[in-house]
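For reference, the structure discussed in these notes is given below.
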Amino acid sequence: MPISEARRKANERYNAKAYDEIKVRVPKGHKAELQAHAEQRNESLNGFINRAIDTQLERDNRTATEIIEQDYLPLEQTIVNQFRDEGMSDEEILQFLREFS
């Protein structure tokens, strides 16, 4: 059922008060890819774009400590676990890490 003219105008007034609009241009075909990605996560294209922007802002505003803890420590733990799986002792692993840090 189509919305009434009064409802459409009320929606437009609300949107004008509540939101800023940004036009985004993407290469041909990319819009469909973005829409499919959003649909896979049960969100609108607009919701996906806003989430992507918020996520990147959070990443860009991290402190050096947060970057180390979130990006590097998990990698280092993976390396340590791999060495342990290969039979290296913790002393050997520590010596290796000290040599290359």
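Where a number appears in this text, it was derived from the coordinates with a stated rule and is not lab data. Being a predicted model, the structure only gives us computed values, none of them experimental. All Cβ positions, even for glycine, are placed from backbone atoms using ideal geometry, and neighbour counts span all protein chains on display.
Can you report the number of residues in segment 55-101 which are exposed (fewer than 11 other Cβ atoms within 10 Å of the Cβ) and outside any helix (DSSP H, G or I)? Counting residues in segment 55-101 that are exposed (fewer than 11 other Cβ atoms within 10 Å of the Cβ) and outside any helix (DSSP H, G or I) gives 7. Among the residues of segment 4-34, which ones are exposed (fewer than 10 other Cβ atoms within 10 Å of the Cβ), within 23 Å of the chain's Cα centre (by Cα) and of a type in the set (Asp, Glu)? Answer for segment 4-34, where residues must be exposed (fewer than 10 other Cβ atoms within 10 Å of the Cβ), within 23 Å of the chain's Cα centre (by Cα) and of a type in the set (Asp, Glu): 20, 21. Take segment 35-54 and flag every residue that is more than 14 Å from the chain's Cα centre (by Cα) and part of a helix (DSSP H, G or I). Hits for segment 35-54 are 35, 36, 39, 40, 45, 46.
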